[in-house]
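Trainee: Please find one structure pasted underneath; my questions will follow.
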Amino acid sequence: MTRQKNTNASKPVSLLLLGSRTIGAAAFKSRCLEIMDEVERSGLEVVITKHRRPVARLLPAHVAGAVFCGALRGRVVSVGEIVEPIGVPWENDDPHFA
């Protein structure tokens, strides 16, 4: 019995799918640098699987930082001064709290 040559190894990688793409660990290992370049260009994530179970995600560095930093910009509303007293007397409930 002869083994057939893998014809997919020489084809270019395209991540032009919407959302994330999954790839097996062996395929990722053989085309790692090529896939990393494509993730950088497209901005889409790649989920790396081992035995069909997701084990890692490859994200572009610039997108991952932008999601965290500045994520709440324009969503915080200033209602008033939070340091000034509100005019309600405070009473101590706990006898150990002095």
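Trainee: Where Lys and Arg each count +1 and Asp and Glu each count -1, what net charge lies around residue 47 among other residues with Cβ under 12 Å from its Cβ?
Mentor: Once positives and negatives cancel, what remains is +4.
Trainee: With a point put 7 Å past each Cα toward its Cβ, work out how far residue 40 is from residue 57 in nm, to one decimal.
Mentor: 2.1
Trainee: May I pose another question? Give me the one-decimal nm value for the distance between modelled label points at residue 25 and residue 90, 7 Å along each residue's Cα-to-Cβ direction.
Mentor: 5.5
Just so you know, all these numbers are worked out from the coordinates, no wet-lab data involved. Computed from a predicted structure; not experimentally measured. Neighbour counts are summed over all protein chains in view; Cβ atoms, including those assigned to glycine, are modelled from backbone coordinates with ideal geometry.
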